[in-house]
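Please treat every number below as a calculation from the coordinates, not as lab data. Bear in mind that the values here come from a model prediction, so they are computed numbers and not experimental data. Here Cβ is always computed from backbone atoms with ideal geometry, including for glycine, and neighbour counts include all displayed protein chains.
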Amino acid sequence: MSINTEKAGKTPAFDGNVEEIAGLRTQFDVFRFMKRAMEHYGCRTFMVLNLPPATSLELSSNTVITNWPAELMAHFDREGLMRTSPILRRLHASTLPITFDLETVGPERRGPLVRSIFGRFGIVRGAYFPVHDMSGGRGAVSFAGDGPPFTRQQMMELMYISIHVFERLSEIRNLDVRVTDMLTDREIDCLNWTAAGKTSAEIAEILGLSEHTVNHYLNRAAKKLDTVNRTQAVAKALRIGLIK
């Protein structure tokens, strides 16, 4: 069953569903799903973020996934807009969805500056949906662009998507943490040197091991990371921060 029900004369139903979200295995899978949802609802950007603590100064450090342009994120943080964000204040104080329209931003929010920064990227209006994960961690999911305001039906559908996407990202993160705990120091060493472009023979010489032992460590690491070869294992290890 799709997220919404198609009706005559209405926007066609979004083809995503809860079963699909539950089957997403990586953050990149979730990213692609969100991009599809964003495009369906006529938006330009999406963001999934952990609700920043009061002492946090940067939005970038609290973002889980987003397609915001890097220039926009850097400008937002450089101008310190998170400290004065009424949306983030309301997200801390309420569990209800929040809509925004930059055409109505008042001077207390440095309206001209905000409109200038976001207007360049076609981000004029949208909504934030408060969410939480299984451990009680709070966050929010946003969809924004320059199209018309969301209808009541669209707001309900986007809230539904947001809840399930945030939960799935939490599950993926917890799986990655458990995998990290399972890998041994030697397996991580071998992944690090593989990421640096070294062959098994070269890694064996560096670590004082046999080439057979190095291959054994790499094969075991790939299996623990639920990947099919060392190339995929290195890519996943980099993504989850296991190696740098």
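Stick to Cα atoms and the Kirkwood definition of Rh, then tell me Rg/Rh for segment 183-239. Before the final figure, lay out the partial values.
Numbers: Rg = 9.9 Å, Rh = 10.8 Å.
My calculation of the ratio gives 0.92.
At what distance in angstrom do the alpha carbon centres of segment 192-210 and segment 129-170 lie from each other?
Taking the Cα centre of each part, segment 192-210 and segment 129-170 sit 45 Å apart.
May I ask for the percentage of alpha-carbon pairs in the chain that lie more than 23 Å from each other?
Numbers: 17080 of 29646 pairs.
When all Cα pairs of the chain are counted, 58 percent exceed 23 Å.
Count of lysine pairs in the chain with Cα atoms under 18 Å apart, counting only pairs 8 or more residues apart in sequence or on different chains?
Numbers: Lys198/Lys236; Lys198/Lys244; Lys223/Lys236; Lys224/Lys236; Lys236/Lys244.
Lysine pairs meeting the criterion: 5.
Gly208: net charge of surrounding residues, Cβ under 13 Å, Lys/Arg +1, Asp/Glu -1, itself excluded?
It works out to a net charge of -3.
Calculate, in nm to one decimal, what Asn67 and Arg90 gain on full extension: separation in residues at 0.36 nm each, minus their alpha carbon distance. Present the calculation step by step, with values, prior to reporting the outcome.
Details: separation 23, 0.36 × 23 = 8.28 nm, distance 2.30 nm.
Value of the extension gain: 6.0 nm.
What is the chain's relative contact order, in percent, from Cα pairs under 8 angstrom and six or more apart in sequence?
Numbers: 305 pairs, mean separation 38.9, N = 244.
Across the chain, relative contact order equals 16 percent.
Just to confirm the number: angle between the C-alpha axis of helix 211-224 and the first principal axis of the chain, 0 to 90 degrees, nearest 10?
30 degrees
Viscosity 1.567 mPa s, temperature 4 °C: give me the Stokes-Einstein translational D for segment 104-244 in µm²/s, with Rh taken as the Kirkwood radius over C-alpha pairs.
Numbers: Rh = 18.8 Å.
Translational diffusion coefficient: 69 µm²/s.
Expressed as a rounded percentage, what relative contact order does segment 183-239 have, with Cα pairs under 8 Å and six or more residues apart?
Numbers: 51 pairs, mean separation 20.0, N = 57.
Computed over segment 183-239, the figure is 35 percent.
With equal scatterers on the alpha carbons only and no solvent term, can you work out the Debye log10 of I(q)/I(0) for segment 42-146 at 0.10, 0.11 1/Å?
So the normalised log intensities are -0.25, -0.30.
Using Cα atoms only, what is the angle between the long axis of helix 230-239 and the major principal axis of the chain, expressed in degrees (0 to 90) to the nearest 10?
Helix 230-239 sits at roughly 40 degrees to that axis.
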